[in-house]
Amino acid sequence: MAKAHIPQKLQEWIDARQRHRLSHAQVQMARELGMNPGKLGKLDNHDQEPWKMPLPLFIEHLYEKRFGRKAPEVVLPIEQIAARQQNKKAERRARKVEREAAASPSRESAVADHADEG
């Protein structure tokens with residue numbers, strides 16, 4: 001089985017997870033909060049700016065403040081989300097091919113009927 005292609009939007013989150021040492025749950029929290037993975041570096045400089053919280057704690061604090069719970073109910077790794085998206089896309093393509101295959105004979109007969117009239 002070939003390795004799943006990961007869309008660029010999700011790849012940015014994978015890179016941010018590795019760069020900022022975040023857990024899968026923290027990445028999911030940040031995504032649900034609408035954070036930008038490219039801008040996390042501005043928030044993750046608590047060594048230079050000691051009044052700031054470390055990024056993982058900051059994300060958890062904001063998540064609890066907005067949603068009223070410590071963590072998401074279901075945590076999915078980005079790779080699993082990408083695989084689900086790819087499977088869903090493949091299913092949609094298969095359904096579309098089936099629909100087009102089923103509609104093509106009736107379409108041809110309708111075109112033929114129309115050509116006979118004119």
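A few remarks follow.
- Modelled FRET efficiency - R0 22 Å, ALA90 with GLN11, Cβ distances, 0.05 increments: 0.70
- Using 0.36 nm per residue and subtracting the Cα-Cα separation, the extra length available between GLU98 and ASN36 on full extension is 18.5 nm.
- For MET35, the amide hydrogen comes within under 5 Å of no other amide hydrogen, counting only partners 5 or more places away or on other chains and with H modelled in the peptide plane.
- Taking a sphere under 15 Å around the Cβ of ARG92 and counting the other residues whose Cβ falls inside, with K and R at +1 and D and E at -1, yields a net charge of +4.
- For the stretch 51-103, GluC sites (Glu not before Pro) meeting the loop criterion (DSSP other than H, G, I, E, B) and having at most 13 other Cβ atoms within 10 Å: GLU73.
- Long-range HN-HN contacts of SER23 with modeled amide H, under 5 Å: none
- Within the stretch 48-89, trypsin sites (Lys or Arg not before Pro) in DSSP loop having at most 14 other beta-carbon neighbours inside 10 Å: ARG69, LYS70
- Net charge, ALA71 excluded, C-beta distance under 15 Å - Lys, Arg +1, Asp, Glu -1: +1
- Anisotropy class of the stretch 7-75 from Cα gyration tensor, a/c 1.5 cut: oblate
- Shown here for the stretch 48-91: chymotrypsin sites (Phe, Trp or Tyr not before Pro) in loop regions (DSSP other than H, G, I, E, B) with at most 14 other Cβ atoms within 10 Å, namely TRP51.
- Simple spin-label estimate for ARG66 and HIS24 gives 2.1 nm between the two label positions (7 Å along the Cα-to-Cβ direction from each Cα).
- Partner lysines whose Cα lies under 24 Å from the Cα of LYS89, excluding those fewer than 8 positions away in the same chain, are identified as LYS3, LYS9.
No value in this document is a laboratory result; all are computed from the given coordinates. As the structure is a computational prediction, the values presented were derived from the model and not from experiment. Positions of Cβ are backbone-derived with ideal geometry, glycine not excepted, and every protein chain shown enters the neighbour counts.
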